[in-house]
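Report on one structure; see the data block that follows.
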Amino acid sequence: MNGIKFAQPLFLYLLVLIPVMVAFYLLKQQKATASLRMPGLQPFVNASKTFRHYLRHILFAFRTLAVTLLIIVLARPQTSDQFQDMSTEGIDIVLALDISGSMLAQDFRPNRIEAAKNVAIEFISGRPYDRIGLVVFSGESFTQCPLTTDHAVLINLLREVQSGMIEDGTAIGMGLATAVNRIKDSEAKSKVIILLTDGVNNRGEIAPATAAGIAKTYGIRVYTIGVGTQGVAPYPVQTPYGTQYQDMQVEIDETILREIAQTTGGKYFRATDNDKLIQVYNEIDKLEKSKIDVKQFNRKEEKFLLPALIAFCLLLFEILARNTIFRNLT
């Protein structure tokens, strides 16, 4: 339910009459004081004032309040309930995220995998009407979350993703194939996979090109994202003294990522820092917008009856009081 609205708000301008009434009443009270010549005021010193003397102004207060309420009645206060009938043209999306050890490189803030997770969470939050799932891959691949509209659960599962959950390596073909398997039976009008990686396919039993061909067969569009700065980046390296970071050449198989996108009708993006990654997801968000039809219905309810009844009671009380209790004072 929304707040009170007025069907005829122009009548509210009549409220300017209220201060005019008050000013006129005060002026009238001053002029109504009688001037009487007396040899002295001694006879009136001990004269007591009755309650009627103190309450005589209440009649004017009642009349003023009644006029105010009648003006509000003329303006026709209403409340309205709004209902929305919404239909969507569904889009199913699977995020395929590389969680290999190289995703800990710190050319992104704080590192590649955390930056990818943060941007993905913002992407998910901005698409409340789509089913979205999550596949992670490294040397192997598995489904972290199936397609769901419960985005709170999906985001929590995404936050739990860490490098090292599975055997290290970069099985791009396996990651894509697992994502295809999760979305291929979807009845959505648009099926999309967003695959993010920072390396070269070096593991897995399925070649990336083969997985792309399967995706095309099922009408699945694949957007590929290569993450990594140009040149060298600080990669984590295990040493006898613990994890240390060394500058190493960034190697991303952009050729195969472009091929996957081209084969499936998607698009390839290169993200070299946090801001570029955000821009990539924003562009994908614009390319894959859900079609939403919204029909809005309003139900209005008149609310003038109560102020009208109160105004009537006040006027009735004023008339009765003026002709009974305050008869000699008015």
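Throughout, read-outs are computed from the coordinates displayed, never taken from laboratory work. Note that the coordinates shown come from a computational prediction; the quantities given were computed from them, not determined experimentally. A quick note on method: Cβ atoms are made from the backbone with ideal geometry, for glycine too, and the neighbour counts reach across all protein chains shown.
Hey, how many Å between the Cα centroid of segment 176-195 and the Cα centroid of segment 229-274?
Computed from Cα coordinates, the inter-centre distance equals 24 Å.
Subtracting the Cα-Cα distance from 0.36 nm times the residue separation, let me have the gained length for ILE4 to THR217 in nm, one decimal.
This chain segment gains 71.0 nm when fully extended.
Tell me which of GLY164, PHE142, GLY199 sits at the most positive position along the dipole axis of segment 82-232, charges placed on C-beta atoms (Lys, Arg +1; Asp, Glu -1).
My answer, from the dipole projection, is GLY199.
Grab the DSSP H runs of the chain that are 4 residues or longer, score each as -39,500 (n - 2.57), total them, divide by all residues and round the 222 nm result to the nearest 500 deg cm²/dmol.
Here the helix-only value at 222 nm equals -12000 deg cm²/dmol.
Among bridges DSSP assigns within segment 91-289, what percent are antiparallel (round to 5)?
So the antiparallel bridges amount to about 35 percent of the total.
For the chain, modelled as a Gaussian network with Cα springs under 10 Å, which listed residue fluctuates most, THR64, THR217, THR264?
Comparing THR64, THR217, THR264 in a Gaussian network model of the chain, the most mobile one is THR64.
Set the Förster radius R0 to 25 Å, insert the Cβ-Cβ distance between TYR241 and GLN162 as r into 1/(1 + (r/R0)^6), and round the FRET efficiency to 0.05. Before the final figure, lay out each step's value.
Working: r = 22 Å, r/R0 = 0.89.
Given R0 = 25 Å and the Cβ-Cβ separation, E is 0.65.
Using only Cα atoms and rounding to the nearest 10 degrees, what angle (0 to 90) does helix 254-264 make with the longest principal axis of the chain?
That works out to roughly 70 degrees.
Could the peptides 185-194, 314-323 be put in order, highest first, of the mean number of other beta-carbon atoms found within 10 Å of their residues?
Values: 185-194: 18.5, 314-323: 15.2.
Answer by packing, highest mean first, reads 185-194, 314-323.
What size of dipole, in debye to the nearest 20, comes out for the chain about its Cα centre when the only charges are +1 on Lys and Arg C-beta atoms and -1 on Asp and Glu C-beta atoms?
Dipole of the chain, to the nearest 20 debye: 3680 debye.
Taking the mean number of other Cβ atoms within 10 Å as a proxy for protection, how do you rank 3-11, 154-162, 105-113, 281-289 from highest to lowest? Before the final figure, lay out the partial values.
Working: 3-11: 11.7, 154-162: 16.2, 105-113: 20.0, 281-289: 14.3.
Packing order, densest peptide first, comes out as 105-113, 154-162, 281-289, 3-11.
Against the 2.2 N^0.38 Å scaling, with N counting residues, where does the chain land? I'd like the Cα-based Rg ratio to two decimal places.
1.92
Just to verify a number: FRET efficiency for PHE317 and VAL20, C-beta to C-beta distance, R0 = 22 Å, to 0.05?
Between PHE317 and VAL20 the formula returns 0.40.
Restricting things to alpha carbons, tell me how big segment 61-189 is in terms of Rg and Dmax, in Å.
That works out to 25.5, 86 Å for Rg and Dmax.
Where a Cα-Cα gap under 20 Å defines reach, which aspartates and glutamates qualify for LYS289, not counting those fewer than 8 residues away within the same chain?
The reachable aspartates and glutamates, counting only those whose Cα sits under 20 Å from LYS289, are ASP85, GLU89, ASP92, GLU122, ASP130, ASP150, GLU187.
Run down the lysines and flag those whose C-alpha is under 16 Å from the C-alpha of LYS286, throwing out any fewer than 8 positions away in its chain.
Hits, sequence-local ones excluded: LYS191, LYS267, LYS276.
Obtain the nm distance between the two label points defined at THR79 and THR263 by a simple spin-label model: each point lies 7 Å from its Cα along the Cα-to-C-beta direction.
My value for the distance between the label points is 6.1 nm.
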